[in-house]
Amino acid sequence: MTNSVTTDTVAGLKGMYAQDDAARKFFEWAANRQNDATQTSIDYLAQKAVTDRRRAIEIAKELEALGCGEFLVGRRGAKSRIVWEVSLKSIGRAATGKAGVVESLDPELMAETVDLKDDTPTGSSSLTIGEAKKRLAESLGVTPDAIEITVRA
């Protein structure tokens, strides 16, 4: 994939920001980051966009079409992810109108190189049944009341 960030890319990012609540949340998070990342897992993107996995994949594919990165489907234990070809912070800033251009990815400025974190909240090694139902429902694209969990002790 060639790095062809143009004014059309910025316009596309602004369009996504204006039309899609999940993309808006993701871009706002990206714009406020301290460091760049070389890649972001789809699960982490979904968490930051407060959306389900299916919509996160759609966002990643839209970003790929705009020349921001390459969407990679997880294989052999690797997570599905987007590998950034430009600055993630810059994508967020351009989408939110805080910048007029999308900048190149600067590897020397990256402290957090990869956003492949688990979507388990920091400091929490267990889930409540309600949280589990919510996450499972989001990943399957259904409502939490459609999920039934049975615990056998």
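The values are calculated or read from the model by the stated rules, or taken from the named source; none is laboratory data. Everything numeric in this text was worked out from a predicted model, so none of it was measured. Neighbour counts run over all protein chains shown; Cβ positions are idealised from the backbone, glycine included. Ligands, DNA and RNA are stripped out before the accessible areas are found, and what is left, the full protein with its side chains, is counted by its heavy atoms. Shrake-Rupley method; radii C 1.70, N 1.55, O 1.52, S 1.80 Å.
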task: Return the whole-Å distance between the Cα centroid of segment 74-100 and the Cα centroid of segment 34-64.
output: 7 Å
task: Identify all lysines with a Cα-Cα distance to K134 below 17 Å; exclude those on the same chain that are fewer than 8 residues away in sequence.
output: K48
task: Sort L45, L72 by accessible area with a 1.4 Å probe, largest first.
output: L72, L45
query: Based on Cβ point charges of +1 for Lys and Arg and -1 for Asp and Glu, what charge dipole magnitude is obtained for segment 1-112 about its Cα centre, in debye rounded to the nearest 20?
result: 380 debye
Directionally averaged projected area (convex hull, Cα atoms, segment 15-83), nm²: 4.5 nm²
- prompt: Where the only charges are on Cβ atoms (+1 Lys, Arg; -1 Asp, Glu), what is the dipole of segment 6-69 about its Cα centre, to the nearest 20 debye?
  reply: 140 debye
query: Top to bottom by accessible area (1.4 Å), largest first, where do R24, R93 land?
result: R93, R24
